[in-house]
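Here's the structure, in structure tokens; my notes come after.
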Amino acid sequence: MQANFFTNILLPVALGVLMLGMGLGLIPADFQRITRYPKAVLIGLVNQIIILPIVGFIIASLLPLRPEIAVGLMIVAICPGGPSSNVLTYLAKGDVALSVTLTAFSSIITIFTIPFLASFTLQHFMGESAAISLPIGSTMAQIFLIILLPMIIGMTIRHYFPLLAKSMEPITNRLSVIFLAVIICLLILREWQRLPLFIAQTGLAVIILNTITSLIGFFSGRLFQLTISQRICIAIEVGIQSGTLAIAITAGLLKNPDLTIPAIVYSLWMYVSAFIAVYYGRQKAALAK
């Protein structure tokens with residue numbers, strides 16, 4: 001498969017379908033929830049938008065990582081939560097409404113934060129010349145087209161054609177999972193010879209990033225006296241990142257296959273930790289009965 005088809009067509013289409021599916025499940029009340037449950041939404045967004053990149057930067061700076069791996073890890077950390085976090089929160093008996101709200105808000109906010117943080121990351125770890133390859137204005141426009149526009153289209157369909165949206169939502173959800181699986185499989189096949197080296201280089205950093213930020217999300221909720229369902233939601237929301245977007249930025253916008261390595265490894269590992277959260281949440285729910 002040609003690189004142009006992969007980066008220019010497959011990745012944007014996959015992200016578009018994924019965000020369209022999210023939009024089909026959103027209603028205006030999801031955005032009004034920030035006024036009704038400000039504390040839970042604020043704690044979740046602070047964990048996602050601020051704490052996650054800070055922890056990622058500390059890990060990338062302290063561990064002996066190649067510059068490309070450090071940048072790739074940071075790209076994962078500055079991406080929004082993945083829509084699959086909503087399903088996993090439901091399975092874990094977490095607060096699904098809060099999960100949907102956090103995913104939607106983080107997707108919108110990171111349109112503006114990703115270009116600046118990615119440019120800073122490139123300059124810090126790979127030198128000043130690398131930052132030139134990520135023009136902020138056009139990057140913001142491209143992320144808007146593949147993230148926010150499909151979500152707006154999905155919400156519009158949900159508002160005017162609710163029955164159509166209801167029938168489309170499970171289809172787009174399945175397609176987004178299939179697309180992500182295909183993308184990861186193609187990248188693994190393309191880099192099969194070097195995959196053990198990639199895991200050796202990135203595995204520890206990925207596990208530390210995912211574990212620490214998920215635990216911070218959970219215990220910060222406990223510190224501010226959120227309910228157990230809200231704490232589980234925030235832990236999953238912080239741990240499940242949009243691997244598809246991270247791959248699209250590294251392979252598509254930055255056109256550097258080595259930068260995609262952390263995104264691939266993270267996309268595989270995050271579901272392991274998420275299912276631990278699902279098991280914990282279901283055990284807690286069972287004991288509460």
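The values are calculated or read from the model by the stated rules, or taken from the named source; none is laboratory data. Note that the structure is a prediction, hence the values are computed from the model and not measured. Cβ placement follows ideal geometry from the backbone for every residue including glycine, while neighbour counts extend to all protein chains displayed. These area figures cover heavy atoms from the full protein model, side chains too; ligands, DNA and RNA do not enter into them. Shrake-Rupley method; radii C 1.70, N 1.55, O 1.52, S 1.80 Å.
Rank L122, I75, I146 by how far each Cα sits towards the positive end of the charge dipole of segment 1-280 (+1 on Lys, Arg Cβ; -1 on Asp, Glu Cβ) and give me just the farthest.
Farthest towards the positive end: I146.
So, R0 is 35 Å and r is the distance between the beta-carbons of I50 and L145; what FRET efficiency does that work out to, to 0.05?
0.85
How much accessible area per residue does the chain have, in Å², with a 1.4 Å probe?
Accessible area per residue, the chain: 46 Å².
If you build the Cα gyration tensor of segment 1-280 and take the root of 5 times each eigenvalue, what three semi-axes come out, in whole angstrom, biggest first?
27, 22, 18
Across the chain, how many lysine pairs, 8 or more positions apart or on different chains, have C-alpha atoms separated by under 24 Å? Please give the number.
The result is 5.
Find the Rg to Rh ratio for segment 46-118, where Rh is the Kirkwood radius over alpha-carbon pairs and Rg uses the same atoms.
On the Cα set of segment 46-118, Rg over Rh gives 1.04.
Just the number, please: carbon plus sulfur as a percent of the accessible area of the chain, 1.4 Å probe, no ligands or DNA/RNA counted.
C and S fraction of accessible area: 72 percent.
Membrane-span-like helices in the chain: DSSP H runs reaching 18 Å or more (Cα, own axis), mean Kyte hydropathy at least 1.6?
Once both thresholds are applied, what remains is 11-24.
Can you tell me how segment 164-249 classifies by the Cα gyration tensor, rounded, prolate or oblate, using a/c under 1.5 as the rounded cut?
It is oblate, given that a/c is not under 1.5 and a/b is not larger than b/c.
What relative contact order, as a whole-number percentage, does the chain give when Cα pairs under 8 Å and 6 or more residues apart are counted?
Over the chain, the number comes to 34 percent.
Between segment 39-76 and segment 204-272, what is the separation of their alpha carbon centroids in Å?
9
Given the protein chains as shown and a 1.4 Å probe, how many square angstrom of M155 are accessible, to the nearest 10?
In the full protein context, M155 sits at about 40 Å².
Please state the relative contact order of segment 1-130 as a whole percent: Cα pairs under 8 Å, 6+ residues apart?
The normalised contact order for segment 1-130 reaches 28 percent.
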